[in-house]
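This report refers to the structure that appears directly beneath it.
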Amino acid sequence: MSGLPGPAFYDDDARFAAYWATRDRPDNPNDTLEQPMLRALVGDIRERRILDLGCGAATFGHYALAHGAQTYVGVDASANMIAAAMTTLAGTSGQVEHAGIETW
């Protein structure tokens, strides 16, 4: 696939399963550290067009759209993360693309 440098880190099924197990915990680092910091740094996102390089499971995309972002496009090199992002964004106008960030 064009734009992908090689097997993505989270496309190793055992690695992805281990990572996802940590995401299911209520005290996971993404929800307790990363998301609050990112939201504080970004500020008001109403009417913003968001491009999220290395979007992972698109948790920020779901938040952004729910809080008034005009559009959201997530990009990730991992097919496993793109599948997770599609689930996260189901029922929203958010989009995801399977590509390496180098192409952006």
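The values are calculated or read from the model by the stated rules, or taken from the named source; none is laboratory data. What you are looking at is a predicted structure, and each value in this text was computed from that prediction instead of being measured. Because the Cβ atoms are built from the backbone with ideal geometry, glycine has one as well, and the counts that use them run over all protein chains shown. Calculation scope for accessible area: heavy atoms of the full protein, side chains included, ligands and nucleic acids excluded. Shrake-Rupley method; radii C 1.70, N 1.55, O 1.52, S 1.80 Å.
If you scan segment 55-66, which residues turn out to be surrounded by 15 or more Cβ atoms within 10 Å (Cβ to Cβ) and either part of a strand (DSSP E or B) or of a type in the set (Gly, Ala, Ser) (or both)? Can you show your working first?
Taking segment 55-66 as the starting set, the residues that turn out to be surrounded by 15 or more Cβ atoms within 10 Å (Cβ to Cβ) are 55-65.
Once the filter is applied, which keeps residues that are surrounded by 15 or more Cβ atoms within 10 Å (Cβ to Cβ) and either part of a strand (DSSP E or B) or of a type in the set (Gly, Ala, Ser) (or both), segment 55-66 yields 56, 57, 58, 61, 64.
If I ask for residues that are exposed (fewer than 14 other Cβ atoms within 10 Å of the Cβ) and outside any helix (DSSP H, G or I), which ones from segment 18-36 would you list? Matches in segment 18-36: 24, 25, 26, 27. Could you tell me which of the residues 81, 86 is at pLDDT 95 or above, assigned to a helix (DSSP H, G or I), out of contact with any Leu (no Cβ under 7 Å at 6 or more places or on another chain) and open to solvent by 80 Å² or more (accessible area, probe 1.4 Å)? Exactly one of 81, 86 is at pLDDT 95 or above, assigned to a helix (DSSP H, G or I), out of contact with any Leu (no Cβ under 7 Å at 6 or more places or on another chain) and open to solvent by 80 Å² or more (accessible area, probe 1.4 Å), namely 86. Here residue 42 fulfils each of the conditions (1) open to solvent by 70 Å² or more (accessible area, probe 1.4 Å); (2) touching a strand residue (DSSP E or B) at 6+ places or on another chain (Cβ under 9 Å) apart from (1).
Checking the structure you have, find out if any residue of segment 67-74 is modelled with pLDDT of 95 or more, assigned to a helix (DSSP H, G or I) and open to solvent by less than 90 Å² (accessible area, probe 1.4 Å). No, the conditions are met nowhere in segment 67-74.
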